[in-house]
1. Could you derive backbone 3J(HN,Hα) for segment 66-77 from the dihedral phi with the Karplus parameters 6.51, -1.76 and 1.60 (θ = phi - 60°), listing whole Hz in sequence and x where the residue is Gly or Pro?
2. Tell me, what HN-Hα J-couplings in whole Hz come from the Karplus equation 6.51 cos²θ - 1.76 cosθ + 1.60 at θ = phi - 60° for each residue of segment 26-43, using x for Gly and Pro?
3. Just subtract the alpha-carbon distance of GLU78 and TYR56 from 0.36 nm times their residue separation and send over the number in nm, one decimal.
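Nothing in this text is a laboratory measurement; each read-out follows from the coordinates by a stated rule. Bear in mind the structure is a predicted one, so any value in this text is a computation, not a measurement.
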Amino acid sequence: EVPNSDKHQFLPNSNFDDVIELYQFDKKLRTLVFTSIQDIEIALRTRIIQCFSLKYGAFWFMDVRLFKNESIFATCLENIQKEVNRSNEDFRPYLLIVSSLKTYDCFGQVWISKCL
């Protein structure tokens, strides 16, 4: 399109096939970029959870002292509860194991937290 034109005319030698090809390329590129960003985000989150779990235990997310903002802490716990409630999976066996591990402070806490 001619810049700053109210007539919306295309430049000479422009054709619709080129527009469609550019659109399809853009769509594929956008999909690849966002897929890669998603993979990086998941890897980073996993690493953060692993580091916190090893340093503070599997229930680090329940320790308000590790959060700079109590409101964020409360929101995190609410989100976790919503996800548990939303899921069709029966978490009772896992919660019993987690409760036992927390009570007896067993080494398996990190492993169990990754399962949940």
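1. 7, 10, 7, 9, 5, 5, 5, 4, 4, 5, 4, 5
2. 4, 4, 5, 4, 4, 5, 5, 5, 5, 5, 5, 4, 4, 4, 5, 4, 5, 5
3. Length gained between GLU78 and TYR56: 5.9 nm.
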